[in-house]
Each structure stands twice: as structure tokens, then as C-alpha cells.
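The values are calculated or read from the model by the stated rules, or taken from the named source; none is laboratory data. As the structure is a prediction and not an experimental result, all values here were calculated from the model. Glycine also receives a Cβ, built like all others from the backbone with ideal geometry; neighbour counts cover every protein chain displayed.
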Amino acid sequence: MSVKHVARDDASTDNISGDLKRLGFTEYEAKVYVQLLGMPPSTAYEISKQAGVPRPNTYSALDSLARRGAVLPVRENPTCYVAARPRELLDAIARQTRSLCSGLTERLEAVTPRSDDHYVWTLRGDPAVHEHIDMLIERSTETVWIKAADHVLRRHADRLREAAVTRGVRLLIVLFGNNAEEFRYTDKCSVYIHENNGVRMGTADNLFTLAVDYREMLTANVEGDVIAAHSKNMPIVTMALSLIRHDYYMAEIFARFGSQIDEAFGPYLRDLRLPSFTPEQVASFKKNTGVV
């Protein structure tokens, strides 16, 4: 039988095979599955030839793939195989993995001492930091408090919306930006423009500060060298909550008494800020506000 197959980009195929190996596929299983996706019902011999996998290893890979539902035998004498649809296969793997991780988490926590609440964990790199932020938002049950710039917060908008709309989590956000309505997903979302103007200044605006359920916090430098600190240590969590809470107070105070504050301390609290700022913060302040 003549076997037609789809031409494949080797680099792309290698990347896909590498990701399948991360999901528990062996090298041969990944090669066989990816190759079979572009073939009609095929025998082990035909698959072996097209995938460049030794025939004994092909038989072993097909047997293992069939047990996990990645390939299906559809014809006998000789036996021919087709590949399961990728979406159906990966959805099944995701469900099984979630179930396994959920059960394993409970069993491991049952034997884990509670001393980790005293530590501060460091995360480095943009993907790791933002994936961790998403994870913290996803496991929130009561509250999420955030102080952040709008363009950074948008990266987590889907998780925040799901927390607020689906789980009823209360959001309190202090925003560097000018559109508070963008993040008001429900009436439980309180969004305050930082100092009632949303201007970024003093380099602290590069930080993303998050407190979840009054029990854990994360603060991250999200520009340049992306690095974050995450902790369940209550004095540190309280400090993060206090930072966000006082910025919420300031937003409300500026909304009501802004002109009087400007008259007393200069625009953007210039006369209070500049004496205590580092040279870098002074430069940032002047650049972002235009105030000298």
C-alpha cells in the first residue's frame, strides 16, 4: 500500500516532540504519534519507515500509545493505526493531570510541616514571575489586592475577571493609569487611580504588588531585570496590605482635597517627594510629571 504523508518542518516537529516528552511521552512515542498525525491508517512497518524509528521500538511505542488513547487500532490483518485528535488527547491528559495533582497535593500537604510560612521565595524571569502571579490569582477565594500599572495588569485580566465574575472574589486595585472602569468586572471590584492622576513616577511604579486572601503576597519588579519575592510570612503580608491600603486612602484623599494638597506640597507631592527620593527616582519623577 502506498502511504501518503504530510511534509513536515523538522524544527517544528522537534519542538512538538520535545513538548510531548515533557508530558511523559518517550522520544519514540512522540515521533510515532507526530508522524501518524499526517498519515492515513498505517501499519507499524509503514509508520516505522516514515518516522525513522526502528521497527521493534515502533511496536513498543504503538502499544504504549494505544494504552493511553493516543493512537487507535482501526483495522486488522494487518493491524493499522490512526492518531487520536490532538485536542481530544491533550484535553484528556489535562484532566488526568489536574486530578492527579489535586489528589497528590492533598496527600503531600498532609505530611508537610507548616514551617514554609516564614520563607520568602525569589522568582526570576518574565515568564516565571507572571505565571506565578496568575497562579496566585487563580487560587484566591476571598480577596485580591493589587497595586500595578494598567499595561502590566492587562496581562492578568482574564484571571482577574474569572476570579471576580465566577468565584465572587473581591478585587481592590490601585492603578497607574487613567481608566478605572477597565478593571471593574463586578460591583465587588474597587479600582482607584493612584493619587487620582495615575501618573507613574519615582520608579516604584515598575513594581507589581499583590496580596491574596490576606494570607500571602508577591511584589515584583516587572521591567528590566524581572524579579519577584513571594511570601506567606504575616509581617511581610501585612506590609504589602498596608502599602496598598494607604495608596487607596491617598486616592480618596486626592479626589476630595487635591487642589489643597497641591497648594500645600506642590504638584504630585513634589515638596514631600524630592527630598527623600534617590537621584534615579528624582529623574523619573521629573521625566514623568514634567515638574521641576
Subject >> Residues that are aliphatic (A, V, I, L, M) and within 34 Å of the chain's Cα centre (by Cα), drawn from the range 56-94 >> reply: Ala61, Leu65, Ala66, Ala70, Val71, Ala83, Ala84, Leu89, Leu90, Ala92, Ile93, Ala94
**OP:** Identify the residue in the range 22-55 that is among the small types (Gly, Ala, Ser) and either under 23 Å from Glu88 (Cβ atoms) or more than 38 Å from the chain's Cα centre (by Cα) (or both) and, among all such residues, is surrounded by the fewest Cβ atoms within 10 Å (Cβ to Cβ).
**Re:** Gly24
Original post:
Taking interchain pairs and intrachain pairs at least six residues apart, which have beta carbon atoms under 7 angstrom, with the first residue in the range 264-292 and over 15 Å from Gly198 (Cβ atoms) and the second at pLDDT 85 or above and exposed (fewer than 13 other Cβ atoms within 10 Å of the Cβ)?
Top reply: Phe265/Asp271
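Would you pick out the residues in the range 158-199 that are of a type outside the set (A, V, I, L, M, F, W, C) and buried (at least 20 other Cβ atoms within 10 Å of the Cβ)?
Just the residues of the range 158-199 that are of a type outside the set (A, V, I, L, M, F, W, C), to begin with: 158-159, 161-162, 166-168, 170, 177-179, 181-182, 184-188, 190, 192, 194-198.
If the condition is that a residue be of a type outside the set (A, V, I, L, M, F, W, C) and buried (at least 20 other Cβ atoms within 10 Å of the Cβ), then Gly177, Tyr192, His194, Glu195 are the ones that fit.
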**OP:** Please go through the range 167-192 and pick out each residue that is under 19 Å from Arg139 (Cα atoms), without any contact (Cβ under 8 Å) to a residue 60 or more places away in the chain and not aromatic (Phe, Trp, Tyr).
**Re:** Arg167, Gly168, Val169, Arg170, Leu171, Ile173, Thr186, Lys188, Cys189
Original post:
How many of the residues in the range 158-175 are in a loop (DSSP other than H, G, I, E, B) and either in contact with a helix residue (DSSP H, G or I) (Cβ under 9 Å, 6 or more places away or on another chain) or closer than 18 Å to His230 by Cβ (or both)?
Top reply: 1
